[in-house]
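The values are calculated or read from the model by the stated rules, or taken from the named source; none is laboratory data. Computed from a predicted model, the values in this text were never measured in an experiment. Ideal geometry is used to build each Cβ from the backbone, glycine not excepted, and the neighbour counts take in all protein chains shown.
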Amino acid sequence: MRKQTENFQAETKELLNLMIHSIYTNKEIFLRELISNASDAIDKLKFKSLTDTELLKDSKDFKIEIKVDKDKNQLIIEDTGIGMTFNEVNENIGTIAKSGSKAFIEKFKEAKENEQLDIIGQFGVGFYSAFMVSSDITLYTKSPYSDVTIKWSSKGDGTYEIEEIENLEDLKRGTRIVLTINEESKEFLEDYKIRTVVRKHSNSIKYPIYFGEEKLNDETPLWKKDKKDITEEQYNEFYKNTFYDHEDPLLHFHLKVQGSLEYTALIYIPKRTPMDFYTRDYKRGLQLYTKNVFIMENAESLIPEYFSFMKGIVDTDNLSLNISREILQQDNELIKISKNIEKKIETELKKLIKDDREKYITLWETFGRTIKFGVQDMFGINKEKLQDLLIFKSSFEDKYTTLKEYVERMKEEQKEIYYVTGENEEFLKVLPKVKVFKDKGFEVLYLTDRIDEFTLKTLMKYNEKIFKSINDSDLSNLEDEKEKETRENLEKENKTLLEKIKNLLGEKIEEVRLNNNLGSGAVGLASKGEISLEMEKTLSEIPGNENIKAQKILEFNPTHPLFEKIKNISDEDELKDLLYVLYNQSLLIEGLQIENPVEFAEKLNKIISK
Ligand code: ADP
Ligand code: MG
């Protein structure tokens, strides 16, 4: 029989140190972690036994037991799950399996106390949390794949012992964890404390948890219960337990679908972006249960990518249990369910937009990008489904609006949906051009996220109304007949001047024209063609695209004193400098990079000091 003393990995040691010495106010979660491991182990056994009934030959019991030995200061947690072989103990308990353990330690050190909990869960270091309350941990485990029992023990001091031992009479299969509770944590040997902690954190564990004769939890899975019998707190506790979040979720949908398609789904939206959401480690998908058996953790096909931030559980009785997880993902029934779930979520979200805008805004500000990417993805194949989930701030009351609400407010003569793009709303609000649109009674959407304009470009139109940047070249909608006439006359009058300006500015611009709708601004920039100014901005950040430029139109406000001044400058060099400054100014207003800041400053100074 093997017997070894091993060193913990360096990372594990550091982690243990952190655990042991961190001042948790919330040490009790160690029990939740051990119970959740026990439950996972029973899940695994049940799943494997579907195809290998031999596994259950020693016992058909699925349960978790908690015992206390006050004389020895011991708290014992035992399960009848899958257990571990010698190698498995070494792999799972001796090392931190996940490659992110270094990252974990960094995060853990940085985190505030109340966030540390969250981190423990997300990085899957649950087992080690038991060292917060223990001076010694001894684990006995018997796997149905091993002939002997494994004993593992450690004082959390950098080494552990692992040995093969004779099988124990009272541990036919599963794992027994014996914690010798340390001086400061004696309360965890008290009956009342154990009851409270288990009921608080582990009530919805789906296998019975016995404390002596007493069953502590209510093992009907929460999602199987009647909605009216579930309190908000229970929904929240369940979420935190199942999806390792320390915060209550933003909201949940509990779907019970009956008829030709039958399933139950409990779907949650977290309040905050999960730490690994933007990394490759993030696993989307819902948990899948069939006939009360846990099938898999992240069934990706159950939820589309643009809802990847949602967590949840789907339970259906209509799946065949004897097929592999891979094939299951393509199961027809499952495909139907996922389509149905998607529709239901869309409906629920639309309801939320109407009934609880505040909440939807929180969701949007956290996860809206994912939905916007969904619109763009695969050439907009899902855009129709998603367009009513988009919200943008707008010049109407400076609040969020849906596209539908925007269109409902449109004036009869307005043909297009206007938008403006820029860094932030504060900046957009005060743009002279925006003011002009507002004054004319045209609402403008404020697009402040880089991907917003691409999203609208993918949509192309909403309710037959085309999206149009207020910088776009066609101004005819804004001008009434009289204004148009005035402008055209003025342009005729100043034809030579405008041509001269165009020549002096050369390649930089495509066109020079007058615009009566620049408000208090002297100049404005517009674009024509496929590439808008905002797209130039975005593209310029993608390597290889730096040279893609919008075709720019420089606009002059004919009523601004500067225009008069320009008319009267006879010295060509002086005019050239002024135009240079004005052109660059218009770039700045649009949030574009000016080409040569030093030259700009020099020319500006020259003009000022005249
Ligand atoms: P996680 O549960 O996130 O994987 P833990 O630190 O809680 O992280 O557990 C580490 C691993 O140890 C588990 O993934 C599992 O393989 C194994 N393990 C822990 N507890 C048990 C148990 N009671 N029975 C069987 N395996 C267990
Ligand atoms: Mg765990």
Residue satisfying condition, being buried (at least 19 other Cβ atoms within 10 Å of the Cβ), modelled with pLDDT of 90 or more and not hydroxyl-bearing (S, T, Y), within set N217, N236: N217
Do we find a residue being surrounded by fewer than 21 Cβ atoms within 10 Å (Cβ to Cβ) and either within 28 Å of T242 (Cα to Cα) or within 16 Å of ligand 2 (Cβ to nearest atom) (or both) anywhere in region 156-164? no
Matching residues, region 26-72, being more than 16 Å from ligand 1 (Cβ to nearest atom) and either small (G, A, S) or under 28 Å from the mean Cα position of the chain (by Cα) (or both): N26
With away from ligand 2 (no atom under 16 Å from the Cβ) and crowded, with 16+ Cβ neighbours inside 10 Å as the only criterion, which of K13, K63 stands out? K63
Among (1) outside any helix (DSSP H, G or I); (2) under 30 Å from Y192 (Cβ atoms); (3) at pLDDT below 95 - the single one D40 does not satisfy: (1)
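Would you mention how many residues in region 257-281 are outside any loop (DSSP other than H, G, I, E, B) and out of contact with any Asp or Glu (no Cβ under 9 Å at 6 or more places or on another chain)?
2
Working only within region 182-217, note down all residues that are in contact with a helix residue (DSSP H, G or I) (Cβ under 9 Å, 6 or more places away or on another chain), assigned to a loop (DSSP other than H, G, I, E, B) and either aromatic (F, W, Y) or closer than 27 Å to K46 by Cβ (or both).
Matches in region 182-217: N203, S204, I205, K206, Y207, G212, L216, N217.
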Looking at G100, is it at pLDDT 85 or above and within 15 Å of ligand 1 (Cβ to nearest atom)? no
Which condition breaks for N17 when tested against (1) more than 30 Å from the chain's Cα centre (by Cα); (2) at pLDDT 85 or above; (3) within 23 Å of D157 (Cα to Cα); (4) part of a helix (DSSP H, G or I)? (2)
For region 377-395 the number of residues that are exposed (fewer than 15 other Cβ atoms within 10 Å of the Cβ) and within 24 Å of K433 (Cα to Cα) is 0
Does region 298-312 include one or more residues that are assigned by TED's automatic domain parsing to the domain that holds I335, charged (D, E, K, R), in contact with an Asp or Glu (Cβ under 7 Å, 6 or more places away or on another chain) and under 26 Å from K228 (Cβ atoms)? no
Could you check G174 against (1) over 35 Å from the mean Cα position of the chain (by Cα); (2) farther than 30 Å from D281 by Cβ; (3) within 16 Å of ligand 1 (Cβ to nearest atom) and say which number it fails? (2)
All positions within region 496-546 that are surrounded by fewer than 16 Cβ atoms within 10 Å (Cβ to Cβ) and out of contact with any helix residue (DSSP H, G or I) (no Cβ under 9 Å at 6 or more places or on another chain): T496, E499, N503, G506, E507, G529, E530, S540, E541, I542, P543, G544
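Based on what the data block shows, is I181 within 16 Å of ligand 2 (Cβ to nearest atom) and aliphatic (A, V, I, L, M)?
In short, no.
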Given K393, K344, K336, K350, which one is closer than 26 Å to F454 by Cα, at pLDDT 90 or above and assigned to a helix (DSSP H, G or I)? K350
